[in-house]
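Asks: Below are the structure tokens for one structure; questions will follow.
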């Protein structure tokens, strides 16, 4: 008899782990944590876990497969065999398909005088004031009524999404509430399914030299450090993808090929991710993919974690 086929990498993580007796406890809507390892957090809606205290180790984040490997010290083959045995003939609830707005409307109430944003970016993040003023003048950044920095996602001349960054440090209680280790609140606004694969970006001239960053702050930091060299080329595209999602890199390339003659103009691809495990792994993946013979440059910071740390230590 043919065994029940299982999509091992799309198993509902909470349902499966509870079914085999893993000691999980609910800590809020759609959030769980391990009863004996409170730094292991599970986001049920996004169907993944993160083990923060072991973040430097392999398989410290991901789905069911990675969880079983790091929690029970199983090999990949042992994990797949166990999953196949546990789920043979069983049907777990399907993961709800993520819903997206049909249309994005930018409805942020912007502050007339963005003092807190300027104070945060200049005093805290050490972005030169002239760079902050430049991005304000291009309407790429603004401030809302809650004193949060707004990073607008432009696609052509249209805003298709935004992310926002708090300017006041989070308390320990707020970090627990938001399930984050970040010192400042960070939020990515929902947008259409297609534009979810977009991000904050700044295009000058033609996209001859493309730079990918994990965050908007790193993008601004890199530009602050290499402003003179970048402006000498006059043709560059700085892009933040809020993490290391390679799918977003492809999204920008597809747009560039279809709208910006990228096949003919692009001369170099620079990956400026964080100098950590996730950043290095994503950089290695991109390095081994084909991008129409475009020269690849690993621009991970050498001595610091990210480009904002580089800027602050200059």
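Asks: Test of understanding: among 286, 230, 238, 220, which residue is part of a helix (DSSP H, G or I), touching a helix residue (DSSP H, G or I) at 6+ places or on another chain (Cβ under 9 Å), touching a residue at least 12 places away in the same chain (Cβ under 8 Å) and closer than 16 Å to residue 151 by Cβ?
Replies: Of 286, 230, 238, 220, the one residue that is part of a helix (DSSP H, G or I), touching a helix residue (DSSP H, G or I) at 6+ places or on another chain (Cβ under 9 Å), touching a residue at least 12 places away in the same chain (Cβ under 8 Å) and closer than 16 Å to residue 151 by Cβ is 220.
Asks: Given the conditions (1) in contact with a helix residue (DSSP H, G or I) (Cβ under 9 Å, 6 or more places away or on another chain); (2) over 26 Å from residue 313 (Cα atoms), and given that residue 132 satisfies all but one, which numbered condition is not satisfied?
Replies: (2)
Asks: Let me ask another. Do you know which residues across segment 257-277 are surrounded by fewer than 19 Cβ atoms within 10 Å (Cβ to Cβ) and assigned to a helix (DSSP H, G or I)?
Replies: 257, 258, 259, 263, 264, 265, 277
Asks: For segment 160-183, how many residues are buried (at least 18 other Cβ atoms within 10 Å of the Cβ) and either in contact with a helix residue (DSSP H, G or I) (Cβ under 9 Å, 6 or more places away or on another chain) or over 30 Å from residue 33 (Cα atoms) (or both)?
Replies: Here the count works out to 7.
Asks: Which count do you get for residues in segment 123-149 that are closer than 13 Å to residue 111 by Cα and buried (at least 21 other Cβ atoms within 10 Å of the Cβ)?
Replies: Qualifying residue count, segment 123-149: 4.
Asks: Quick one: would you say residue 308 is out of contact with any helix residue (DSSP H, G or I) (no Cβ under 7 Å at 6 or more places or on another chain) and in a helix (DSSP H, G or I)?
Replies: no
Asks: Then there's this: Please go through segment 62-91 and give me each residue that is surrounded by 15 or more Cβ atoms within 10 Å (Cβ to Cβ) and out of contact with any helix residue (DSSP H, G or I) (no Cβ under 8 Å at 6 or more places or on another chain), ordered by number.
Replies: 62, 66, 71
Asks: Also, I was wondering about something else. Just one of 163, 142 is in a strand (DSSP E or B) and over 24 Å from residue 102 (Cα atoms); which is it?
Replies: That would be 142, the only listed residue that is in a strand (DSSP E or B) and over 24 Å from residue 102 (Cα atoms).
Asks: Next question. How many of the residues in segment 171-184 are part of a loop (DSSP other than H, G, I, E, B) and either more than 16 Å from residue 141 (Cβ to Cβ) or outside the structural domain of residue 237 (by TED's automatic domain parsing) (or both)?
Replies: Matching residues across segment 171-184 total 6.
Asks: Separate question: Report yes if some residue within segment 82-98 is at pLDDT below 90, closer than 30 Å to residue 189 by Cβ and not in a loop (DSSP other than H, G, I, E, B); otherwise report no.
Replies: Within segment 82-98, not a single residue is at pLDDT below 90, closer than 30 Å to residue 189 by Cβ and not in a loop (DSSP other than H, G, I, E, B).
Asks: Looking at the structure I just gave you, is residue 191 assigned to a loop (DSSP other than H, G, I, E, B) and out of contact with any helix residue (DSSP H, G or I) (no Cβ under 9 Å at 6 or more places or on another chain)?
Replies: yes
The values are calculated or read from the model by the stated rules, or taken from the named source; none is laboratory data. Note that this is a predicted model, so its numbers are computed, not measured. For neighbour counting, all protein chains shown are included, and Cβ atoms are generated from backbone atoms with ideal geometry for every residue, glycine included.
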